[in-house]
Amino acid sequence: MKRFNRKIVLMVFAQFLTIAVMMAQEADTVSKKDNLNSITVKPKSGIVRVAGAVNGTVITQQELFKAACCNLGESFTTNPSVDVNYSDAATGAKQIKLLGLSGTYVQMLTENLPNFRIAAAPYSLGYVPGPWIKSIQVSKGSASVRNGYESITGQIDVEYLKPDDDKSLAVNLFGNTMGKLEANADANIHVKGPLATELLLHYENEWGNHDKNKDSFVDMPKVRQYNVQNRWRSVGEHYIFHAGVGLLNEKREGGQRGHHHTPLADPYLININTERYEAYMKHAFVLNQEKGTNIALMANGSLHEMDGGYGKKSYDVNQKNLYAQLMFESNFTPEHNLSAGLSLNHDYLKQNAMGMLHLPSDELIPIGAIGDYTPNHITQKETTSGVYAQYTYNKNSRFILMGGLRLDHSNLYGTFLTPRVHIKYIPFDLVNFRLSAGKGYRTPFALAENSNLLASGRWLRVDSDLKQEEAWNYGASISWLIPISDKLLKLNTDYYYTNFKEQAIVDYEMGSDLIHIHNLSGKSYSHTFQIDATYPLFKGMTLTAAYRLNDVKSSYGKDNKLMTKPLTSRYKGLITASYKTPLGLWQFDATLQLNGSGRLPTPTVDAGGNPLWPERFHAFEQVSAQITRWFRHFSIYVGVENLTGFKQKNPIINAENPWSPTFDTTLAWGPVQGAMGYLGIRVNFGKL
């Protein structure tokens, strides 16, 4: 059966390629006048590699148009480096994985400002609507010290549409076969001189109530979200100003669907209500344009309130964050650059929990027991001040050395040092090398960052003495441009090693009815190797193939046994094909993902001694495809995700007994929905 399914996948993908080839009207050639030894590749769209010492890529808006990209979490469909997976099968929480590790080790930025941290992390990928995104920069490994010390496996920086962009009013409408409707609008006005303002609006309503596997739980929670931002920007000769405010309201409803049709006596329900407010500002004073000398002050703040109900458990959190940075930068000569600055970050979390465990003693409280609630009032505060300096030596863009050093002081963990270095070397025009090494730290707010674990029937224990997470990251990459048949094959390989000195371990191996978050006692590391290639088969037609191998292990259980990290695929393969007709009227895009097998936590057994789930999950394939018709002022797109309909058969363990300790929603390793079709329209109305 598995071979048969793979044949179907390959046949569907091959059929797409056949259609694209048939519609091609001319071959792509490189003029004989071009000198391949000195060619400079500057793609207008797609995934563009950054030019500096840091190993990174930029996902452009044209690349995002190749899929539905309703939000940030769906923007990495065609990216071979980033995985997006469901964290559980009940709340709809998603997490990014980069270099084989969870998204908590990826520093999330919006326009170079840290954002969506701690309590916002479990659902933050749904907080950025796709039509608002102008580009996404993905950096692997330890990144620049300018943005802080938290980057361990990399950074993801989201650039929004700008108030001073050319277009004035655009609308995007989207709907899918799972019962989701979405509407987006962005409008900007050039107020006076260089001053411009922009309004971003988003509404989504996912009212589907599907239960395809008949386990009485909805396959996906119903989500209703309102999201709005107002942004201002002014770019002058000596002064640049950028500021904005935003607010978000979201409601999630999931659990047993019987309460909508056949009422259950005691249904298991999930209700998560979120309100988020944020504001930011940037001021830059240009002192010397010729040398790029400037002083900048940047700051952002957020208030994140979430009230969550998970069956008979509840978790409410009020999070306040304030971040500020003062920086100076100058090119003293064309070869020497210095960036230095001060930063301040303050986090405050007030948490109230009932029906769960967070005790300093070893006493276990059965959170599923009716009436056996233990209220927990937890307040966490951290203020961290820092200073940094970063020097860059650039010799004709052929040799770049970037070294940075941070010194930070936390009221919780004292003073710590963060060194990072990046090297790029281009021996000749068609190849370049990159090396990197650096350290990263992270404060674990374990309960807030893993609130989705409360949907499980297991007991939850979070140690009160969690240490600051600390890891070294080392990376090496090689990129080639290989001339083949008057075209260029872009080939990239990279290897990264992450070694944790301290880590907060989410441990399923402490007992069949327990999830224990505790300090690392043993080893924890990640090895990741990736190779990817892109080649233009003919004019308008581009093919990308990638393969990644992961080796991620940590010490788990009472005996600190070194084991493969659960719910992590051993490998991933990716093939994407994109074809645009010569006049640019039609565009065809398809993606094939091959997701490798992996380990599941040690299975719990039922009363008869039978395991409730297997020891491993198997490999699976997914295909998505989209057709876009472009017109002068609008475009229509239609597509399908998970075309083969593969989904995890029983993502919720022991769904028939939701009040038992063996009930578990956190073992999601694959899609929880089958094939999903969608239709959308983008309209640009032009100037107001």
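Based on C-alpha pairs under 8 angstrom that are at least 6 apart in sequence, the stretch 43-199 has a relative contact order of 19 percent. Of the beta bridges in the stretch 56-187, as assigned by DSSP with both residues counted there, near 85 percent are antiparallel. Note on the stretch 164-277: Cα Rg divided by 2.2 N^0.38 Å, N the number of residues, gives 1.53. Placing a label point 7 Å from the Cα of HIS336 along the Cα-to-Cβ direction, the residues of the stretch 393-437 with a backbone N closer than 13 Å are 393-394.
Structure shown: which of LYS66/LYS312; LYS134/LYS523; LYS320/LYS558; LYS180/LYS649; LYS467/LYS553; LYS523/LYS572 lie over 31 Å apart, alpha-carbon to alpha-carbon?
On the way: LYS66/LYS312 42 Å; LYS134/LYS523 40 Å; LYS320/LYS558 36 Å; LYS180/LYS649 23 Å; LYS467/LYS553 20 Å; LYS523/LYS572 24 Å.
The answer is LYS66/LYS312; LYS134/LYS523; LYS320/LYS558.
Using the alpha carbon gyration tensor of the chain, what are the three equivalent-ellipsoid semi-axes (square root of 5 times each eigenvalue), largest first, in whole Å? Walk me through the numbers on the way to the answer.
Values: eigenvalues 293, 199, 140 Å².
Sorted largest first and rounded, they come to 38, 32, 26 Å.
If you model the stretch 477-592 as an ellipsoid using its alpha carbon gyration tensor, with each semi-axis the square root of five times an eigenvalue, the axes come out at 43, 17, 9 Å, biggest first. Applying 0.36 nm per residue to the separation of TRP586 and TYR495 and subtracting their alpha-carbon distance, the gain on full extension is 29.0 nm. Rounded to whole Å, the principal axis extents of the Cα atoms in the stretch 70-186 read 40, 38, 27, largest first.
Between the listed residues TYR525, LEU549, THR662, the Cα displaced farthest toward the positive end of the dipole of the chain, a dipole computed from Cβ unit charges relative to the Cα centre, is found at LEU549.
Straight-line cross-link partners of LYS214 among the aspartates and glutamates, defined as a Cα under 14 Å from its Cα and at least 8 positions apart when in the same chain: GLU656. By the scheme Lys and Arg +1, Asp and Glu -1, what is the net charge of all other residues having a beta-carbon under 13 Å from that of HIS527? Taking every other residue near HIS527 into account, the sum is +3. Relative contact order for the stretch 572-653: 26 percent, from Cα pairs under 8 Å spaced at least 6 residues apart, divided by residue count. For the stretch 154-299, the Cβ-based charge dipole about the Cα centre amounts to some 160 debye (Lys, Arg positive; Asp, Glu negative; other atoms uncharged). Only aspartates and glutamates eight or more places from LYS501 in sequence, or on another chain, were considered; those with a Cα closer than 14 Å are GLU469, GLU470. The order of the peptides 454-462, 167-175 by mean Cβ neighbours within 10 Å, most packed first, is 454-462, 167-175. Rounded to the nearest 20 debye, the dipole magnitude of the chain is 1820 debye, with +1 charges on Lys and Arg beta carbons, -1 on Asp and Glu beta carbons, and the Cα centre as origin. Computed FRET efficiency, Cβ-Cβ of ALA533 and VAL683, R0 41 Å: what is it to the nearest 0.05? So the FRET efficiency works out to roughly 0.70. Taking every DSSP helix (H) stretch of at least 4 residues in the chain, weighting each as -39,500 (n - 2.57) and dividing the sum by the residue count yields a mean residue ellipticity at 222 nm of -1500 deg cm²/dmol.
Along the axis of the charge dipole computed for the chain (Cβ charges of +1 for Lys and Arg, -1 for Asp and Glu, origin at the Cα centre), the listed residues GLY341, GLN380, TYR226 are led at the positive end by GLY341.
Only bridges with both residues in the chain count here: give the DSSP antiparallel percent, nearest 5. Among the beta bridges of the chain, antiparallel pairing accounts for roughly 95 percent.
Relative contact order of the stretch 381-538: what whole-number percent is it, with Cα pairs under 8 angstrom and at least 6 residues apart? Present the calculation step by step, with values, prior to reporting the outcome.
Details: 341 pairs, mean separation 26.5, N = 158.
So the answer I get is 17 percent.
Along the axis of the charge dipole computed for the chain (Cβ charges of +1 for Lys and Arg, -1 for Asp and Glu, origin at the Cα centre), the listed residues GLN673, PRO651, LEU489 are led at the positive end by LEU489.
From the mean inverse distance of alpha carbon pairs (Kirkwood) and the Cα radius of gyration, derive Rg over Rh for the stretch 161-205.
Details: Rg = 13.6 Å, Rh = 11.7 Å.
Ratio of gyration radius to Kirkwood radius for the stretch 161-205: 1.16.
Read-outs: derived from the displayed coordinates by stated rules, not from any lab. What you see is a predicted model, and the numbers here were worked out from it, not measured in a lab. Positions of Cβ are generated from backbone atoms using ideal geometry, with glycine treated the same way; all protein chains shown enter the neighbour counts.
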